[in-house]
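The values are calculated or read from the model by the stated rules, or taken from the named source; none is laboratory data. It should be emphasised that the depicted structure is a prediction, and the values quoted were computed from it without experimental measurement. No Cβ is skipped: glycine too gets one built from the backbone with ideal geometry, and neighbour counts run over all protein chains shown.
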Amino acid sequence: MDEERRPRRAGPVERPGAAGGKRDLNRRRRVQDLIDAGLSLFLARGIEAVTIDEVAREAGMAKGNFYRYFRDKPDLVEAVIEPVAEATRSALDECHRQVRAARGRSEAIAAYAQLGNRLRGTLETHADALCLYLQECRAPATPARQAISDLARDLDDRAVALSQAAVDKQFAVVSDPRISAVAVLGAVEALALATVRNRVTIDPVETSKRLITIVLEGLRK
C-alpha cells in the first residue's frame, strides 16, 4: 500500500457489545443512519461542501454522537463507498482469474460478459453509492476523498492488469494494454453515471458486447 494513503478503517469507534444484542443492533442502526445521511448530502452538494454537523443533524443526532461511530469525514466516506469498492474489486479479480485460466477466446469473452453482469448488479444494488463514486472519483484528491481516490487508482491498476492478462494469453490485440484498459474503464464509468442519473437508457447486453470488442480487439485508428 502506498505509504501516503490513509489506513483502512479498523471498525467502529464504539464497542458493539454482544453480536445481535440490543446495543449491537442500536449501533448498527445509528451507523447506517449516518451513512444514509452522509450519502444523501454528499450526492446533493459534494463531499467537500458537507460538514459533520450537517451529517449528524440529517441523521437526527448530536454531533458528538457522530464520533462514537466514525473518526472523521474521510472515515464516513470510506464506509459509504465500501460496498461498491468490495463488489468492483471482487468482480475484476474474478474476471482476471478466469481470463488467465481461459483455454480459448470464447472463455475469455464469457469472463468479460460475467464481469459486465456483476458490475451491472452493483449498479442496481448500490446505485446511490456508485453515483457518488462516479461523481467524485476524478476530482482532485483531498483527505475527505481519499478512499474514493484510492479506489479509483486501484481500479485503474486492476483494469490494466486484466488487459495485460488478455494480451499475454493472446486473446487481445492491443499494443499498449494501459490505453485500452483506461479507455474502457472511462467508458464504463461514463455510461454508469449517465444511467444512474437517468440520462440514458442502454441495452446492457449490447453494451457489454461492444465493450468486450474494444478490450479484445484494441483501439484502432
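Spot the failing condition for Ile148; the list is (1) under 25 Å from Leu43 (Cα atoms); (2) at pLDDT below 95; (3) not small (Gly, Ala, Ser), and only one is missed.
Here Ile148 meets the rest and fails (2).
Does the range 122-136 hold any residues that are over 15 Å from Pro74 (Cβ atoms) and either touching a helix residue (DSSP H, G or I) at 6+ places or on another chain (Cβ under 8 Å) or part of a loop (DSSP other than H, G, I, E, B) (or both), and which are they?
As a first pass, look at the range 122-136 and keep what is over 15 Å from Pro74 (Cβ atoms): 122-131, 134-135.
The answer is Thr122, Leu123, Thr125, His126, Ala127, Asp128, Ala129, Leu130, Cys131, Leu134, Gln135.
A quick yes/no check of all residues on (1) over 11 Å from the mean Cα position of the chain (by Cα); (2) in contact (Cβ under 8 Å) with a residue 60 or more places away in the chain; (3) not assigned by TED's automatic domain parsing to the domain that holds Glu189; (4) not in a helix (DSSP H, G or I):
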residue	(1), (2), (3), (4)
Glu86	no, no, no, no
Ala91	no, no, no, no
Arg97	yes, no, no, no
Asn117	yes, yes, no, no
Ile148	no, yes, no, no
Leu151	no, yes, no, no
Asp156	yes, no, no, no
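Any chance you could count how many residues in the range 21-65 are part of a helix (DSSP H, G or I), surrounded by fewer than 19 Cβ atoms within 10 Å (Cβ to Cβ), of a type in the set (Gly, Ala, Ser) and over 23 Å from the mean Cα position of the chain (by Cα)?
1
All but one of (1) surrounded by 20 or more Cβ atoms within 10 Å (Cβ to Cβ); (2) farther than 19 Å from Leu155 by Cβ; (3) not β-branched (Val, Ile, Thr) hold for Leu92; which doesn't?
Failing condition for Leu92: (2).
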